[in-house]
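Single-structure report; data block below.
The values are calculated or read from the model by the stated rules, or taken from the named source; none is laboratory data. Just so we're clear, the structure is a prediction, and the values are computed from it rather than from any experiment. All Cβ positions, even for glycine, are placed from backbone atoms using ideal geometry, and neighbour counts span all protein chains on display.
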Amino acid sequence: MTPQHQQANRAGGDDAMRVTAVTCVKNEGPFLIEWIAFHRLLGVTDFLFYSNDCSDGTDRMLDALAKAGIVRHLPNPAEGRGYQMEALKDSRHHTVVQEADWVWIADVDEFLNIHVGNHTIPALIEACGNPQAISLNFQFFANDGVEAFEDLPVIEQFNRSHNPDIWCGEFAIEVKSLIRKDFPLQYYGAHRPFFKSKLAPKKRPQWSDGSGRPVPHKFLVAANARRIRKFPAFGARRFATLNHYALRSLDSYLVKNDRGDVNREHRAFDDTYWRERNDVAHEDRSIHRYLPRLRAEIAALKALPGIAALHDEACARHRGKRDELLAQEDYRAMKAQLMAAGTLCPDEEALLASLGLPLPPSPYQEGAT
């Protein structure tokens, strides 16, 4: 029996729904095991990883997991900087995607928090009425004063976010999407699938938000460039929330800044990106429902040949990169700037300043809550 069939049996039998997660990574070694373990709990049966330019052992860990039958791992095919789009284009040629009932395209800092049934992707699909696509709004979880990287589950460490319905003064918040195999696909986007603009209205796909409601028409047909990948989040998270841990610890954020991301090599994340995602107005620990089973699944993955050692090496390299960066004056200055920053987005800070009102303190300031 293949490892893929073992996973299907574990989720409910050989006839169980096949869900393939597709993602791109670069130097995500410390976070891989948690993300894979979590998504196995959600009912993901197959994983297709693309990696590029890894220096922390991410690629070697994925190779070991592939040897154990847990994931499929490929080098990113991009020749320029379009890492994610080139990978998504390539993914359509692979059996693990072609034979999937559903495809989930997400990043390793994104966790789908399902509120219905047994908290799995099949339960979410059933609650939404089995549409051809489901788009889930982000909820950005703040750093909240966590300075040091610790080898603990990300979903356990970071529990505060912006008001779920408003982010940086906007009601429309970006999404990621689950796509059913019969979606009339033109191509996969990082945030949503696209169908041909000339598709007859009666052939357009059934497409819901995270409450099972039809997505807004302008989002559906990609009529507005500003709304291609987002729509209002109000009332859209009844069945699921997409927790996005874009910052994590301050240590990890510095390493992320050095790494760049999968779309733009050597992208510099300034404090605007940090402040936009470090709002602590709302507390949400609902994802902790997964923690007991998550810890057990992490332990099971680490018990596979070589995985625990590779994970520990990735964590050590992550800390080593932090130390290397903090030996540089520019990174020490950046760390100090981020620690001094408040928890409001730049536009909100400017509004308070114009009104002569005090700004909330940084979580790193003594006595801040």
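Here are some notes:
- Flag: residue 136 matches the condition of being under 26 Å from residue 293 (Cα atoms) and crowded, with 22+ Cβ neighbours inside 10 Å.
- Taking strands (runs of 3 or more DSSP E) as the structural unit, those lying wholly within the stretch 43-111 and holding at least 3 residues that are modelled with pLDDT of 95 or more and over 17 Å from the mean Cα position of the chain (by Cα) correspond to 72-75.
- Applying the set (1) over 26 Å from the mean Cα position of the chain (by Cα); (2) crowded, with 16+ Cβ neighbours inside 10 Å; (3) farther than 22 Å from residue 144 by Cα to residue 313 leaves exactly one unmet item: (1).
- Some residue of the stretch 208-215 being modelled with pLDDT under 95, among the polar types (S, T, N, Q) and surrounded by fewer than 22 Cβ atoms within 10 Å (Cβ to Cβ): no
- Conditions (1) closer than 23 Å to residue 29 by Cβ; (2) over 17 Å from the mean Cα position of the chain (by Cα); number of the one not met by residue 124: (1)
- So residue 332, is it basic (Lys, Arg) and over 30 Å from residue 165 (Cα atoms): yes
- You will find that of 183, 140, 171, the residue that is in contact (Cβ under 8 Å) with a residue 40 or more places away in the chain and closer than 30 Å to residue 299 by Cα is 140 and no other.
- Pairs are defined by a Cβ separation below 7 Å, a sequence spacing of at least 6 or placement on different chains, a first member in the stretch 292-318 that is within 18 Å of residue 67 (Cβ to Cβ), and a second member that is among the hydroxyl-bearing types (Ser, Thr, Tyr) and surrounded by 14 or more Cβ atoms within 10 Å (Cβ to Cβ); the pairs so defined are 314/58.
- Between 196, 256, the distinction of being without any contact (Cβ under 8 Å) to a residue 60 or more places away in the chain and under 19 Å from the mean Cα position of the chain (by Cα) belongs to 256 only.
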